[in-house]
1. Pick from D128, D102, D175: which is most flexible by mean-square fluctuation in a GNM of the chain where alpha carbon atoms under 10 Å apart are linked?
2. If you roll a 1.4 Å probe over the heavy atoms of the protein chains, what accessible area per residue do you get for the chain, in Å²?
3. Figure the gain on full extension for F193 and L270 (residue separation times 0.36 nm, minus the Cα-Cα span) and round it to one decimal in nm.
4. What's the carbon and sulfur percent of the stretch 1-60's accessible surface, probe 1.4 angstrom, rounded to a whole number?
5. Sorted by accessible area with a 1.4 angstrom probe, largest first, how do F23, F36, F7 fall?
6. Can you tell me the alpha carbon radius of gyration of the chain divided by the globular rule-of-thumb value 2.2 N^0.38 Å?
7. Does the stretch 34-75 come out rounded, prolate or oblate, given a ≥ b ≥ c as the square roots of the eigenvalues of its C-alpha gyration tensor, rounded meaning a/c under 1.5 and, failing that, prolate meaning a/b above b/c?
8. Near the amide H of G306, under 5 Å away, which other amide H atoms are found, from residues 5 or more places off or on another chain, if H is placed in the peptide plane?
Amino acid sequence: MLAVTVFAALACDLVGLPSPQLFAGLIGGVVAALAFGWQMTTPRPVWSAAQAVTGVALGAYVERSTVEAVGEHIVPVALVSVATLALTVVAGIALARVSDLDRPTASFGMIAGGAAGIVAIADELDADNRLVAILQYLRVLIIVVLTPLVATTVFPGDHGFHTGIGHQTPGSLGDAALLLAASCAGGLVLARFVRLPAVSLLGPMLVAAGLALAGVPFAVPLPAWIQNIAFAAIGLQVGLRFTPDSMRAAGRALVPGLIAILGLLVGCALLAVVLAPLADVSTLDAYLATTPGGLYAVLATAVDSGANTTFVLAVQVLRLFVMLLAAPVLARWLVRAEPRRPRQPTAAR
């Protein structure tokens, strides 16, 4: 299974897929579950560790420069982030109406941003993380393909000003060990005082973000290989839960899911038209800032097109936090609003 995962990671990276390690883990798990018929799951400590590393990696995105970039425009940016969340809920409910998906699964499949984080906590929030993973990365693939095309065809010459993106250099192994230890320990302490769902991811994420904003020396991005192992473990956990029935359900959800994703992209583009004058940025800057996910593809397009990369990154990161922190509340509301349908069996007994 690990050999299949490594080979798939190299292949996914070669063709330029986003988050190739998570894709590879998903493929490795599906092959083990369906082709080999192995009924396995990742050990609980490994799954919790993968969630924690993902949370720390997401929290380390936060920098003072990204927060300062929003500055006096925090109100319109926050409102657009909340409106984007509302759009994802509407798209998810519409998808649930025209497909076999339940509301939590459809809505989390549409949530814009933090795909790895959403997939990691979906199962704890009464959604089927197998189908959430497929919808999330279908959205990311569409964004990777369409964003450069839209930037050059719809907004030719409509550029903001180019500013340095402010990426930090990944820290050393010692920095990573200190950040992981502090964030995980702090997350456990936080969970004692705040009833925090999906604590394995959200606790370390909040602590890591706080340490980064406080300027703690070791609060820098994790080395890529640590993140890659965590993403692969998340992909494996999801892939190992696939059954023939769930694969057929995924196939039936693809076409309505694609339509819902395209509707979400159009809705976010309209929000960009509203945000541009309110935040005093170009329409291209606002479009890239409100694009629902695909962070690395969006930032690459921003750099190539001369857009305001600091503003784009700030809005994208703010929305990522809004989505992940709102997910537990959203899950409770969706479950109350609709009786749960029978879930697909994890494996034949």
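The values are calculated or read from the model by the stated rules, or taken from the named source; none is laboratory data. Quick caveat, the model's predicted, so the values are computed rather than measured. In this analysis, Cβ positions are derived from the backbone assuming ideal geometry, glycine residues included, and neighbour counts consider all displayed protein chains. Surface accessibility is based on the protein's heavy atoms, side chains included, excluding ligands, DNA and RNA. Shrake-Rupley method; radii C 1.70, N 1.55, O 1.52, S 1.80 Å.
1. D175
2. Solvent-accessible surface per residue comes out at 43 Å².
3. Gain on extension, F193 to L270, equals 23.7 nm.
4. Summing carbon and sulfur atoms, their accessible area is 74 percent of the total for the stretch 1-60.
5. Largest accessible area first, the list is F7, F36, F23.
6. The chain yields a ratio of 0.95.
7. Cα axes put the stretch 34-75 in the prolate bin.
8. The answer is none.
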